[in-house]
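Here's the structure, in structure tokens; my notes come after.
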Amino acid sequence: MKTLIHLTIAVISLLTLMNSNSATAQNTRQNNSRLGIKGGINVSNLLAEDAESGSIKLGINSGIFLRVAVNDLFSFQPELIYTMKGGKLSYTNLVNGEVKMALNYLEVPLLAVLNITKNINLHSGIYLASLSDVHIKNKSNDINFNFEEELKKDDFNTFDYGLVFGIGGDFEKLSVGIRYDYGIRSVGKKMNFGGETHRFPDARNSTFQIYLGLSIL
């Protein structure tokens with residue numbers, strides 16, 4: 001978490017510095033419409049009520065974006081990205097043991113962008129995601145449930161959705177920013193434990209993204 005805080009401070013400081021330099025070099029607002037590629041780092045974990053969240057999971061995000069300017073203040077930005085999420089969970093109720101889950105998605109963020117200065121923007125919206133692949137790994141020997149054998153891709157919801165909040169900056173063809181994805185839907189489906197039905201894993205995605213974009217049009 002300390003690493004994430006330091007990265008966040010660094011990104012915001014960079015945005016402030018670049019905005020100051022750009023403001024002295026340009027006096028007119030440019031067209032905010034752009035098409036480009038982007039990529040960056042994910043810092044993820046899983047939010048669960050019936051398990052303890054463990055250490056963060058690092059991953060990548062990469063894809064394309066299209067920003068359509070409505071006016072000088074507002075833009076609409078859809079994206080198509082491949083994003084690696086997941087985290088580690090410790091169970092002591094339904095089952096005992098610790099598991100690390102890698103959940104990879106093909107994701108479509110749909111964002112409203114507000115330009116608060118010539119170069120700095122706030123963006124928010126929703127994301128819709130399709131589960132691409134799943135990797136499960138037991139992280140403790142003291143288990144009564146073999147996560148690797150019992151959990152397969154079919155045990156997870158193939159469709160995920162949530163909210164997106166972030167801050168970014170655009171400087172010539174370069175874009176940089178940080179955002180947070182908050183999952184609304186549980187990643188797991190319902191399973192039978194001892195004759196009772198429970199959603200497992202009953203956890204939601206939580207992901208910070210730091211990204212760099214390059215406009216090609």
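The values are calculated or read from the model by the stated rules, or taken from the named source; none is laboratory data. Just so it is clear, the model here is predicted, and its values are computed rather than measured. Glycine gets a Cβ as well: all are built from the backbone with ideal geometry, and neighbour counts include every protein chain shown.
Per-structure values
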{"read-out": "Per-region count, region 162-202, residues in contact (Cβ under 8 Å) with a residue 24 or more places away in the chain, of a type in the set (Val, Ile, Thr), in contact with a Lys or Arg (Cβ under 8 Å, 6 or more places away or on another chain) and farther than 15 Å from Ala112 by Cα", "value": "1"}
{"read-out": "Residue list for region 84-136, filter: more than 16 Å from Gly188 (Cβ to Cβ) and in a loop (DSSP other than H, G, I, E, B)", "value": "Ile116, Thr117, Lys118, Asn119"}
{"read-out": "Qualifying position, being of a type in the set (Ser, Thr, Tyr), surrounded by 17 or more Cβ atoms within 10 Å (Cβ to Cβ) and in contact with a Lys or Arg (Cβ under 6 Å, 6 or more places away or on another chain), among Tyr127, Tyr211", "value": "Tyr211"}
{"read-out": "Region 48-61: number of residues that are farther than 19 Å from Ser215 by Cα and at pLDDT 95 or above", "value": "3"}
{"read-out": "All positions within region 149-171 that are acidic (Asp, Glu) and surrounded by 12 or more Cβ atoms within 10 Å (Cβ to Cβ)", "value": "Glu150, Asp155, Asp160, Asp170"}
{"read-out": "Condition met for Asn205 (surrounded by 15 or more Cβ atoms within 10 Å (Cβ to Cβ) and either touching a residue at least 12 places away in the same chain (Cβ under 8 Å) or not aliphatic (A, V, I, L, M) (or both))", "value": "yes"}
{"read-out": "Subset of region 139-191 that is among the β-branched types (Val, Ile, Thr) and not in a strand (DSSP E or B) - its residue that is modelled with the lowest pLDDT", "value": "Ile143"}
{"read-out": "Inter-residue pairs, beta-carbon under 6 Å, first in contact (Cβ under 8 Å) with a residue 12 or more places away in the chain and in region 71-94, second among the β-branched types (Val, Ile, Thr) and crowded, with 16+ Cβ neighbours inside 10 Å, 6+ apart", "value": "Ser75/Val113; Gln77/Val113; Leu80/Val108; Lys85/Thr207; Leu89/Val99"}
{"read-out": "Odd one out for Asn121 among (1) out of contact with any Gly (no Cβ under 7 Å at 6 or more places or on another chain); (2) among the polar types (S, T, N, Q); (3) buried (at least 18 other Cβ atoms within 10 Å of the Cβ)", "value": "(1)"}
{"read-out": "Considering residues of region 28-68 that are assigned to a loop (DSSP other than H, G, I, E, B) and polar (S, T, N, Q) only, the residue surrounded by the fewest Cβ atoms within 10 Å (Cβ to Cβ)", "value": "Thr28"}
{"read-out": "Residue in region 192-201 that is modelled with pLDDT of 95 or more, surrounded by 13 or more Cβ atoms within 10 Å (Cβ to Cβ) and part of a strand (DSSP E or B) present", "value": "no"}
{"read-out": "Single residue of region 172-191 satisfying the filter (touching a strand residue (DSSP E or B) at 6+ places or on another chain (Cβ under 6 Å) and over 26 Å from Gly213 (Cα atoms)) that is surrounded by the most Cβ atoms within 10 Å (Cβ to Cβ)", "value": "Val187"}
